[in-house]
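First comes the structure, then the notes that go with it.
The values are calculated or read from the model by the stated rules, or taken from the named source; none is laboratory data. Owing to the predicted nature of the structure, the values given are computational and were not obtained by experimental measurement. A quick note on method: Cβ atoms are made from the backbone with ideal geometry, for glycine too, and the neighbour counts reach across all protein chains shown. These area figures cover heavy atoms from the full protein model, side chains too; ligands, DNA and RNA do not enter into them. Shrake-Rupley method; radii C 1.70, N 1.55, O 1.52, S 1.80 Å.
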Amino acid sequence: MFQHLPVPLYTAQQVRELDRIAIQDWGIPGIKLMKRAGYAVFQQLISRWPGVPITIFCGAGNNGGDGYIVAALAAESRLSVSVVQVAFADKLSGDARQAYEYAKQAGVVMRPFSECSNLDTGVVVDALLGTGLNGQVREPYAQAIRLINRCGLPVVAVDIPSGLSCDTGVPADPTVSAELTVTFIGLKQGLFTGEGRVFAGELVFSDLRVPQTLYQQIQPSGMRLELDELLVALPERRRDAYKGDFGHVLVVGGELGFGGAVAMTAEAALRTGAGLVTVATRPEHVSMLLSRRPELMARGLTSGRQLQPLLNSATVLVIGPGLGRTPWSEQLLQQALATGLPTVLDADGLNLLNNERLNITPADNWVMTPHPGEAARLLGMTTSEVQRDRFAAVRALHQKFHCPVLLKGVGSLVCTADDQPIIVCCGGNPGMASGGMGDVLSGIIGGLLAQGIPGEEALPLAVGLHAEAADRASVDGERGLLATDLFGPLRRLVNP
């Protein structure tokens, strides 16, 4: 879905600035860029759906202009093509008007949307709204989008599915659901997180042959996570290495009934390469942990005071998997955080941060891994507000806690610094929607930290390893994928 795409991601405003630079500073006429965009879409159409009728829905802006170019190219190739005009020709101006005249001269059949009641054959091209949408979709565009979504035909979106926010990936009501999106100039960040990935379908990119030096003038808002580039943080081990060289992870959690969470976290840390892993948990879970994974050390605790001896030998903490929100949980959290050790905070380790009685002071050597619900509690907002702008939410978390932060979800986001692009994970699959996946991720992060990798490097590397391991483990199917299925692929990945 994301093969052969550039790494940088941009907001809608940044893409418009790239357009402006190409036109004004480099002297590339706007109509030439529009023709290149139309050609990029046309090439996808004839390679994927050769010879089938093409119906193109055109709006009033430059997105509609791209659509008219596609129509002209199809007509010149003697393909069956028609344009559904959701905006009348007298609404067109500039480059879009020129594109319309080009399609008209090519003999493209055009009809107003009011005369289009159904679509029953071929492929549909969405050239309605593009990146200029601000707010809700108005009529008749909303009606046109509903017709496109009901038709059951393959849909190709020009630049971005109409109705989808370029910046957040949040769909308006309605939004075109595309099988393929051909996007131009710069990758829009909203295509890679949240529901944006669902509505965009497969992505194809064209830079419209603009000079590559153009991109040096704008720092991207985001970057796609590239695992191969991050794996260099895992050097080959010296032949005289011993376990003390690779750190000692202490996993703290596992309230009654949640022993499986710490078991998975601890094993993930071992599989990632930590030298030693100890689990501090309820006494009832110790026998299970040792019988499942005898390489672990486990200590049953009934109070926070009993944690201190374990803290003295640890180099990295992972706090939260199965921790719960009981007095026992609070005691362990307070004792652990008081050490000042590098710490991964997950699950109830995050939820307890809002407990004012604990009076916890954030530290820059934390790594935080909230899902949207936990992020909402940390930011004092609703989960839907977090999801409405995931990029803003992860930046707000970093600004509040001053440490590397992961916002989980489809298209997970990593923020490591205020002045750096947000890292977007494009890997993973729906099979990961099962219990324990987050516990494994926490263990991977802890294992990397234990090996001396700084948090700002360990977090994106762990996210990439976790997603790639899940993709490899899903070879037998996504449904029924278990968190522990990741251990085999994970071990192979950390030994490139």
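A compact table of results
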| quantity | calculated |
| --- | --- |
| Trypsin sites (Lys or Arg not before Pro) within region 73-134, DSSP loop, no more than 10 other Cβ atoms inside 10 Å | 78 |
| Sites residue 104 and residue 46, calculated FRET efficiency, Cβ-Cβ separation with R0 22 Å, nearest 0.05 | 0.55 |
| 3J(HN,Hα) from dihedral phi, region 269-283, Karplus parametrisation 6.51/-1.76/1.60, rounded to Hz, x for glycine, proline | 5, 5, 5, 7, x, 4, x, 9, 9, 10, 10, 9, 8, 5, x |
| 14 Å Cα-Cα reach of residue 408 towards aspartates and glutamates, excluding residues that sit fewer than 8 places from it in its own chain | 195, 346, 374, 389, 439 |
| Under-5 Å amide H pairs with residue 9, H placed in peptide plane, nonlocal only | 221, 222, 223, 224 |
| Packing-based order for 42-50, 107-115, 270-278, using average beta carbon neighbours within 10 Å, highest first | 270-278, 42-50, 107-115 |
| Test item: Cα-centred dipole of the chain, Lys/Arg +1 and Asp/Glu -1 on Cβ, debye | 280 debye |
| Calculated from backbone phi, Karplus (6.51, -1.76, 1.60) coupling profile of region 78-92 in Hz, x at Gly/Pro | 6, 8, 6, 9, 9, 10, 9, 8, 7, 10, 5, 4, 5, 8, 7 |
| Accessible area in square angstrom per residue, region 102-239, 1.4 angstrom probe | 46 Å² |
| Sequence-distant residues sharing a close amide H with residue 208 (under 5 Å, placed H) | 185 |
| Antiparallel bridges, percent of DSSP beta bridges restricted to the chain (to nearest 5) | 15 percent |
| Rounded to the nearest 10 Å², the accessible area of residue 76 at probe 1.4 Å | 110 Å² |
| 5 angstrom amide H check on residue 367, placed H, neighbours 5+ away | 343, 344, 345 |
| Cα gyration tensor shape of the chain, rounded if a/c is under 1.5, else prolate or oblate by comparing a/b with b/c | prolate |
| Unit Cα scatterers, Debye sum, region 343-443: log10 I(q)/I(0) for q = 0.17 Å⁻¹ | -0.75 |
| Of all accessible heavy-atom area on the chain, the percent that carbon and sulfur account for (1.4 Å) | 49 percent |
| Normalised contact order of the chain, rounded percent, pairs of Cα under 8 Å and 6 or more residues apart | 13 percent |
| Dipole in debye (nearest 20) - region 245-351, about Cα centre, beta carbon charges: Lys, Arg +1; Asp, Glu -1 | 140 debye |
| Cβ-placed point charges (K, R +1; D, E -1), dipole of region 107-186 about Cα centre in debye, nearest 20 | 120 debye |
| 222 nm mean residue ellipticity, helices alone, for the chain (DSSP H n ≥ 4; -39,500 (n - 2.57); rounded to 500) | -11000 deg cm²/dmol |
| Region 34-163 shape via C-alpha gyration tensor axes, a/c threshold 1.5 | rounded |
| Under the Karplus curve 6.51 cos²θ - 1.76 cosθ + 1.60, θ = phi - 60°, whole-Hz ³J(HN,Hα) for region 114-131, x wherever Gly or Pro sits | 4, 9, 10, 9, 7, 10, 10, 7, x, 10, 10, 10, 8, 10, 8, 10, x, 7 |
| Signed unit charges on C-beta, dipole axis of region 1-104, positive-most listed residue 71, 50, 61 | 50 |
| Cα-based shape type of region 1-106, given that a ≥ b ≥ c are square roots of the gyration tensor eigenvalues and the cut on a/c is 1.5 | oblate |
